[in-house]
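Each remark here refers to the structure printed beneath this line.
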Amino acid sequence: MIRLPRLGRKGAKTPARIGEPTIRPERPEDSDPVRTVIEAAFAGHPHSEGNEAAIVDALREDGDLALSLVAASSRGIVGHIAFSPALLSTGEEGWFVAGPVSVEPSLQKMGVGRALIDEGIGQLRKRGASGVVLVGDPDFYTQFGFRTDTALTIEGELGAYFQVLSFGDPVPDATIHFAPAFDMPGDKIGRAHV
């Protein structure tokens with residue numbers, strides 16, 4: 001478990017102290033609070049299809065939730081990140097999709113999401129993964145080492161937001177496909193590779 005710095009200090013965005021969030025693996029009893037955090041994090045977001053919580057539920061139900069981490073504090077689950085297997089056109093294994101990443105709105109931009117991403121990447125490295133891919137804002141994710149200019153690509157309208165983080169091996173020349181959970185109606189990622 002990873003402990004984050006205490007939130008709610010002078011200058012913080014949240015008025016109440018919430019204690020030290022701890023990054024830990026999701027437990028079975030966390031599924032409802034995780035859903036609540038995801039829904040709150042993406043409510044009204046201009047790039048949201050409103051199905052992020054349903055995607056995580058489907059990943060869980062399909063057995064495709066390879067790694068699921070939560071940020072837990074004295075007030076409950078305040079953040080979540082999902083990692084699922086990435087399917088490469090070459091058949092190569094060991095690549096994972098990060099996302100969605102969700103943080104309770106009152107705690108966004110306070111390091112919770114960063115801690116979830118760092119811990120997830122660290123755990124996947126320890127497991128011997130080849131790398132992680134995601135669809136997101138390049139201005140944000142480059143701080144973690146993600147790149148947009150690689151031989152690994154995604155088809156469709158979200159290609160400009162597709163990013164790759166290799167853990168050392170050469171990035172394969174392939175097209176990536178996401179787990180079937182991303183194929184639900186309204187999901188641009190699913191439509192991008194079907």
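State whether one or more residues within segment 46-65 are touching a strand residue (DSSP E or B) at 6+ places or on another chain (Cβ under 7 Å) and open to solvent by 30 Å² or more (accessible area, probe 1.4 Å). Yes, segment 46-65 contains at least one residue that is touching a strand residue (DSSP E or B) at 6+ places or on another chain (Cβ under 7 Å) and open to solvent by 30 Å² or more (accessible area, probe 1.4 Å).
A single entry from Leu134, Leu152, Leu165 fulfils the requirement of being more than 30 Å from Ser73 (Cα to Cα) and either among the polar types (S, T, N, Q) or at pLDDT 95 or above (or both): Leu152.
Could you please find all residues in segment 21-35 being under 10 Å from Ser102 (Cα atoms) and open to solvent by 20 Å² or more (accessible area, probe 1.4 Å)? Working first, answer last.
So the first thing to find is which residues in segment 21-35 are under 10 Å from Ser102 (Cα atoms), and the list is 34-35.
Scanning segment 21-35 gives a single hit, Arg35.
The set of residues from segment 23-55 being at pLDDT 95 or above, over 14 Å from the mean Cα position of the chain (by Cα) and either part of a loop (DSSP other than H, G, I, E, B) or hydroxyl-bearing (Ser, Thr, Tyr) (or both) comprises Arg27, Ser31, Thr36.
The values are calculated or read from the model by the stated rules, or taken from the named source; none is laboratory data. Predicted model, so just to flag it, every value in this text is computed and none were measured. Don't worry about glycine lacking a Cβ; one is built from the backbone with ideal geometry, like all the others, and counts go over all protein chains shown. All accessible areas refer to the heavy atoms of the entire protein, side chains included, with ligands and DNA or RNA removed. Shrake-Rupley method; radii C 1.70, N 1.55, O 1.52, S 1.80 Å.
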